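The values are calculated or read from the model by the stated rules, or taken from the named source; none is laboratory data. In this text the structure is predicted, and so the values were computed from the model without any measurement. Every residue, glycine as well, gets a Cβ built from its backbone with ideal geometry; the counts of neighbours run over all protein chains shown.
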Amino acid sequence: MLGKFFSALLVSCCLLLSGGVAAYSTGWQQAKHLKAELVSEYQQVMPGQQLWLALHFIPDEHWHTYWQNPGDSGLATSISWQLPDGVTVGDIQWPTPQAFSIPPLMNYGFEGPTVLLSQLTVPADFRGDQLSIRARADWLVCEEICIPADAEFALTLPVGQAAVLSDSATAVVASGNSKLPIPLTVSGSFDLAGGSFSAAIRGLPDVDFQQFFVAATELVDHAAAQQLLFSEGEWLLRQNLNTYFTSAPEHFELVMVSSNGQGYSLSLTLADGTAKTPATTSRGLWLVLLMAAAGGLILNLMPCVFPVLSLKALSIAANSGQRAEQRRDALWYTLGVVLSFVSLALLLLALRAAGSAVGWGFQLQSPWLVALLAYLLFALGLSLSGVVQFGLGLMSAGSGLTQSKGAKGSFFTGVLAVVVASPCTAPFMGGALGYAVTQPPLLALLVFVALGLGMALPFLLLAYVPALARALPKPGAWMDTLKQLLAFPLYLSAVWLVWVFGRQAGIDAVAVLLCGMVAIAAACWLYGSWQFSRAGWSRPLLAALLLLLSVGVLRLVPDSTTPATAATDAHWQAWSPDKLAQLRQSGKPVLVNMTADWCITCLVNERVALNTDSSKAALALYDVTYLKGDWTRRDAEITAYLHQYQRDGVPLYVLYWPGQTPEVLPQILTPDTLRQTLERLSSQ
């Protein structure tokens, strides 16, 4: 026991006298526009002790991080801990926040040095000689643009019979404590009548309150004016409800700030008899659902969906005059579309909940999936060209098919339509999808169901409106010619996917993919010839081996490759958060184009509206710097930028004009959109 005491004493002396990185701090970790360290209040701890751990941020000038409710955009800092058994740590103790107005948005956070405190408890029966603390912190640091970052910290503290404070760490912890809101024992109630948040609070200190911060996310309209009124010993607060508000918690923290900047925290509880979801919210939800349905309807006109929808049109024409079959196929097709949208939504929400930066079209950021989709469309094209017959059954195009095959064909046509639709974003979809991913899972899924119903609506109308059904042509010999003709849009779609694959994985990978497509063609030819003779099993087995070979060769493709970039066009530069911030600080107008090679809408907009001589001339005339961000492969910084504008996919076009609010351009551009917008902004 005496030896252990002297060992602990020796460690304490060494800690007090040693240079370099002190035991109480992990040392600074540098990230973009911010440095961070994890600090322990004590440089030696003892069993049964409580102490503060401080995550210490120092951002660059004018950059800020976020409060527990980040406001209209942003992301609250989070810390995940790895501690020895029995050791526990409390929630982050949030300092009094500041409001950052970025019209039309309002965000809550912290500018300048920030200390986030968490209380660590060492159990009385702790037996170790050292206490190992590991933490992972995730944050978003923003000025006019936002950059996500994370860091891992490791801290090892000696355990002795006496605790030893660190003077330097004590100063950091004291700074953090000084900025915490003063906790009050009073509580208040709130209600949601009349489309606004209202609260009544008695027993507050006799100070002049100027502002309040609601810790519950998506409850209030953060940018709306706040009303604070003192009447008959009671403070009355009011602010409009958030556009995306769905339901209120039973209670949450409220921080009130006095005229001298001192914060006071208390708890608010939902008043008895108050509905958690006011009627005004349902109207806002119906508007979003209508936007989603309209986006799904317009999605049928997007070029990426046409090849598959042409197959469905062929199926409807084959069943013209057979109302029961038409209605059955329309319902099965709708079911395939809706379930596919819901499945994609569940996967997207699950990945985002796990911390992945994904958005609409995320599945086509995987070269493997792009390759498999190219295989599928190429094989379907071969089937329509008569090489093999499985495509007829799959797509329900023949009148001689059985009812079960027709239902199955219609269902999987809907599935395929959704898969190939993901590179496209139709008008109204961006806002609806941005809303969906910020909502609770059930509401988010409801938006995706509306999107699917909108996409399936034309075929439901053809099946259930007799006047439209009578306009369909009668079945005949022309259908076989049309079937073969429709193979060519599928071939073109496969070519496009090969190009996307090459942009993602490189030219060598394209050679591998083309070899796989040759194997697909050979497999289809072997199986098609066997379908007529039904003699032996050698050809089907060889076809199956060729299919396995086509998938196996994809293992030769590297897992991660920097996307191929074309020779730099003189009229645009590669986007980066730093470059955008530098240009804006210098007072230059900037056009930002967030795009992806698999996004057909993006490519059409660039060809029709952004890469034209008139648009280049307009950019030169107004001295606009044109920045392009490439989301072909997953990129956390671009995902964070999209979230700034409540978008969950590309395209996104933002025009920054000095002294004015950034303007988001339409998702579908016309040849004159850019020129007219520049003329209008320059004259204001």
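Which numbered condition in (1) closer than 19 Å to Q29 by Cβ; (2) crowded, with 16+ Cβ neighbours inside 10 Å; (3) in contact with a helix residue (DSSP H, G or I) (Cβ under 9 Å, 6 or more places away or on another chain) is the only one that F57 fails?
Every listed condition holds for F57 apart from (3).
Of everything in region 599-629 that's exposed (fewer than 15 other Cβ atoms within 10 Å of the Cβ), more than 23 Å from G502 (Cα to Cα) and out of contact with any helix residue (DSSP H, G or I) (no Cβ under 7 Å at 6 or more places or on another chain), which residue is modelled with the lowest pLDDT?
Result: D613.
Looking only at residues that are surrounded by 14 or more Cβ atoms within 10 Å (Cβ to Cβ) and among the aliphatic types (A, V, I, L, M) in region 149-164, which one is nearest to N242 (Cα to Cα)?
A149
Select the helices (runs of 4 or more DSSP H) contained entirely in region 600-683, then report the ones holding at least 1 residues which are of a type in the set (A, V, I, L, M) and over 30 Å from N107 (Cα atoms).
In region 600-683, the matching helices (runs of 4 or more DSSP H) lie at 600-605, 613-621.
When only residues in region 253-269 that are in contact with a strand residue (DSSP E or B) (Cβ under 8 Å, 6 or more places away or on another chain) and outside any strand (DSSP E or B) count, which is surrounded by the most Cβ atoms within 10 Å (Cβ to Cβ)?
The residue in question is Q262.
What about S404, is it modelled with pLDDT under 65, touching a helix residue (DSSP H, G or I) at 6+ places or on another chain (Cβ under 6 Å), surrounded by fewer than 23 Cβ atoms within 10 Å (Cβ to Cβ) and hydroxyl-bearing (S, T, Y)?
no
Being crowded, with 17+ Cβ neighbours inside 10 Å, over 20 Å from Y108 (Cβ atoms) and touching a strand residue (DSSP E or B) at 6+ places or on another chain (Cβ under 6 Å): is that true of L192 here?
Criteria not met by L192.
Would you confirm whether any residue within region 104-122 is under 31 Å from the mean Cα position of the chain (by Cα), assigned to a loop (DSSP other than H, G, I, E, B) and over 25 Å from E152 (Cβ atoms)?
Among the residues of region 104-122, at least one is under 31 Å from the mean Cα position of the chain (by Cα), assigned to a loop (DSSP other than H, G, I, E, B) and over 25 Å from E152 (Cβ atoms), which makes the answer yes.
Collect the residues in region 101-115 that are crowded, with 22+ Cβ neighbours inside 10 Å and out of contact with any helix residue (DSSP H, G or I) (no Cβ under 6 Å at 6 or more places or on another chain), keeping them in residue-number order.
Result: N107, Y108, G109, F110, T114.
Which of the residues that make up region 630-681 are in contact with a helix residue (DSSP H, G or I) (Cβ under 9 Å, 6 or more places away or on another chain), over 22 Å from V500 (Cα atoms) and small (G, A, S)?
Matches in region 630-681: A640 only.
Is there a residue in region 165-188 that is surrounded by fewer than 15 Cβ atoms within 10 Å (Cβ to Cβ) and of a type in the set (K, R)?
No, because not a single residue in region 165-188 is surrounded by fewer than 15 Cβ atoms within 10 Å (Cβ to Cβ) and of a type in the set (K, R).
Run G587 past the list (1) in contact (Cβ under 8 Å) with a residue 60 or more places away in the chain; (2) outside any helix (DSSP H, G or I); (3) within 30 Å of P367 (Cα to Cα) and report the number of the one that doesn't hold.
(3)
Please report, ordered by residue number, the strands (runs of 3 or more DSSP E) entirely within region 137-252 with at least 2 residues that are among the small types (G, A, S).
Passing ranges, in order: 146-158, 182-191, 196-202.
Could you check region 646-684 and list, in sequence order, the residues that are β-branched (V, I, T), farther than 19 Å from D613 by Cβ and surrounded by fewer than 21 Cβ atoms within 10 Å (Cβ to Cβ)?
Within region 646-684, V654, T661, V664, I668 qualify.
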